[in-house]
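Have a look at the structure below, then the notes.
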Amino acid sequence: MGKDRMFQPRRTTPGRLAVLLLAALLFLAFGGSVMAQDQTEVQQLKSMVESLQKTVQQLNTRIQVLEQEKAAVPVPQAQVQPPPAQQAQAAAPAQEAIPEGHASPITLRDSFNNEQLAAPRLNDLTVDPKYEGFFRIPNSPVIMQFNAKPHLDLMEDNRNSGDQSRFVTATIPMEGSPDYGGGSRFNMNAKATNMSWDVRAPSMEGSPRFFVQIDFFNSENPKLDLRWKQIYAQYYNFVIGQTITLFEDPDVWPDTVDYEGPNSMIFARQPVVHYLLRLSPEWNMTLGAEKPDSQVSPYYGASITGTNRIPDLGFNIRWERAKAGHVQFAGMVRDLGARSPVWGDKTVLGWGANLSGVFDVGKRDSLQGQLTYGEGIGRYSNDAFSNMDAAFTTDGELKALPYFGGFFGYTHWWNEKLRTTLTYGYVDLQDELSMGPDAYHRTNYASLNAVYQFRKKMTFGWEVLWGKKQQQNLLSGDVWRLQFGIAYKLF
């Protein structure tokens, strides 16, 4: 036991071992001289001593190796924990980046009331290729964006305008009527506030998209009555749901502070089925069927019910070139029907053609324009607040009313933050005597504004508007409005 402990490396140092060995050698040498004089024994003792010396050398070498290994082992240190925010960030999986999309040749114009972003586009084309504000659904190719745009309007009219929320020339009271005049009137509302939800998968086959948009113009009372403006799905260039009519050009809207826009703008949001088709790199086409709505004027005050047998059928064809502009031609065919207690059921063919375009001027200026003509196409006009499609003649025939409308707008940028848009619109509807002397006949619209981009997401706008309405009996009325608007958008 004692010998084993003496040679344990953990407890015996080289100095102590040397002393013990020296003592052993002296003892052996002394004992050998006294107890044995035989030469053979002496030789045996020498061999033992040499063996012990080798053993000592081996032990010393082993001790040195163990000490070196012990010195190389690092001393444990207290681990410093990162802050909780950094720990959460490190634990959270990295969000997959959204690749840049395929840009449409159409220029996305800064506009107080933007109609371009919501419009369906061919394939996966978009006017916002950076997909601002979109985020990816984890473990999927789907991206989505929720956008809110609070909008506040303050309006001062020089007299009763007929509509306290929007500037609608069709509702202007006639001079001499009980509603005309009344002194200046002020109104303030947030009905133009809108929200949208855009879901896309541009990297998937068919480039599916689902889009929802709401505002608060469901009624003309001061309350915020929610209105479903658009809700549609797009897949393999088929569009189904409620969205813009193919008779409209969503890229031609002028930049107006007033939410309504020009009187002659072609505008409708209705149930549709569309198919978008590429013809060439610069030409594309849309075919479709849309919900019919025959708006027939009363016959000398007698109630008339509009009837519909087939959907409205139409097409548009577009030329688009980046940094130049676009031109769209659209056509619509309608089957207008009416039921009269006197004349019974009647039908008549309605049709319309709409030519529109936007041209880039200089670095940022743009010119917008549109011309529309047809018979029985009045309901697609922005001024369609009365029955403008058809009327009965005095001999009992249903007649599609001839309609002509047009507008132009020009936007000029004074600097990087300030822009001005001048807009003028005109509508003429050829009436029938059966519609009565107070039937809608002609309207004029004009606006001039200054829009200031206060921040990237906040816009201020000042606008002067003038409108005039003339009835079939040639009575007319006009109104001026001074409007100030504030709009903020998340994206």
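Here, each number is a calculation from the coordinates, and none is a lab measurement. Model, not experiment: these values are computed from the prediction. Neighbour counts are summed over all protein chains in view; Cβ atoms, including those assigned to glycine, are modelled from backbone coordinates with ideal geometry.
Here are the numbers for this structure:
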| item | result |
| --- | --- |
| Contour minus Cα-Cα distance for residue 310 and residue 50 (0.36 nm per residue) | 81.6 nm |
| Centroid-to-centroid separation of the range 98-113 and the range 377-394 [C-alpha atoms, Å] | 35 Å |
| Net length gained if the chain between residue 460 and residue 175 were fully extended (0.36 nm per residue, minus Cα distance) | 99.2 nm |
| FRET efficiency estimate (nearest 0.05) - Cβ-Cβ, residue 137 to residue 322, R0 22 angstrom | 0.10 |
| Principal semi-axes in Å for the range 90-159 [√(5λ), Cα gyration tensor, largest first] | 33, 19, 9 |
| The range 412-473 and the range 246-289: distance between their alpha carbon centers, rounded to Å | 19 Å |
| Full-extension gain in nm, residue 221 to residue 367, via 0.36 nm per residue minus C-alpha separation | 49.0 nm |
| Kirkwood hydrodynamic radius of the range 245-367, Cα pairs, Å | 16.7 Å |
| Global form of the range 102-488, assessed from the alpha-carbon gyration tensor, a/c cut-off 1.5 | oblate |
| Out-of-range pairs (alpha-carbon distance over 31 Å; input 223/399; 149/323; 291/399) | 223/399 |
| Loop trypsin sites (Lys or Arg not before Pro), the range 272-328, which have at most 14 other Cβ atoms in a 10 Å radius of their Cβ (DSSP) | 309, 323 |
| Label point distance in nm, residue 203-residue 144, each placed 7 Å from Cα along Cα→Cβ | 1.8 nm |
| Average Cα contact separation per residue, the range 102-488, under 8 Å, 6 or more apart, as relative contact order % | 16 percent |
| ³J(HN,Hα), Karplus 6.51/-1.76/1.60, whole Hz, each residue of the range 357-371, x for Gly, Pro | x, 10, 10, 6, 10, x, 6, 9, 5, 8, 10, 10, x, 7, 10 |
| Rounded FRET efficiency, nearest 0.05, which uses the C-beta distance separating residue 351 from residue 420 and R0 of 45 Å | 0.75 |
| The range 338-411: trypsin sites (Lys or Arg not before Pro) in DSSP coil with no more than 15 other Cβ atoms inside 10 Å | 363, 364 |
